[in-house]
1. Counting heavy atoms of the protein chains only and a 1.4 Å probe, report the per residue accessible area for the chain as a whole number of Å².
2. Along the charge dipole of the chain, which of PHE19, GLN86, ASN67 sits closest to the positive end, that is, farthest toward it, with unit charges on the beta carbon of Lys, Arg, Asp and Glu (+1, +1, -1, -1)?
3. Taking the Cα-to-Cβ direction at ILE2 and at ASP39 and moving 7 Å from each Cα, how far apart do the two end points lie in nm?
4. In whole Hz, with x marking every Gly and Pro, tabulate ³J(HN,Hα) for the stretch 68-76 from phi via Karplus 6.51 cos²θ - 1.76 cosθ + 1.60, θ = phi - 60°.
5. Could you give each residue of the stretch 28-33 its phi-based ³J(HN,Hα) in whole Hz, using Karplus coefficients 6.51, -1.76, 1.60 with θ = phi - 60°, and x for Gly or Pro?
6. Give the share of C-alpha pairs in each 10 angstrom bin for the stretch 2-90, from 0 to the last occupied bin, in whole percents, shortest bins first.
7. Treating only the Cβ atoms of Lys and Arg (+1) and Asp and Glu (-1) as charged, compute the dipole magnitude of the chain about its Cα centre; round to the nearest 20 debye.
Amino acid sequence: MIEETGFRAKRWSLLTKYFASPGFLGEWMQIYLARDIRDGLAQPRTTSRSRSSAFPLSEAMALVAANKIHDGKTLIGLSLYNAARQAGHL
């Protein structure tokens, strides 16, 4: 997170571990929730080209519902975070 956005988090909690391509690869990924975030300076690699944007969860979920987000990691992370908030777990 520091590299891409400059943000730092004091607390991290695991949302899920999942297989990106089950039956094809043994690769698995983990998605964490970062909390108590504070600003910092981004430290991108010279070969890295990424951008970040901040907007309300409701807007992100509207993009999911409109089929505008296609990245699996993002879909899973947003869905789990939204469900946990709605259930009062966060």
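1. 79 Å²
2. It is GLN86, whose Cα lies furthest towards the positive end.
3. 1.9 nm
4. 9, 10, 10, 7, x, 4, 5, 4, 5
5. Couplings: 10, 10, 10, 10, 10, 9 Hz.
6. It works out to 13, 38, 41, 8, 0, in whole percents.
7. 180 debye
The values are calculated or read from the model by the stated rules, or taken from the named source; none is laboratory data. It should be emphasised that the depicted structure is a prediction, and the values quoted were computed from it without experimental measurement. Ideal geometry is used to build each Cβ from the backbone, glycine not excepted, and the neighbour counts take in all protein chains shown. Note: areas computed on protein heavy atoms with side chains; ligands, DNA, RNA excluded. Shrake-Rupley method; radii C 1.70, N 1.55, O 1.52, S 1.80 Å.
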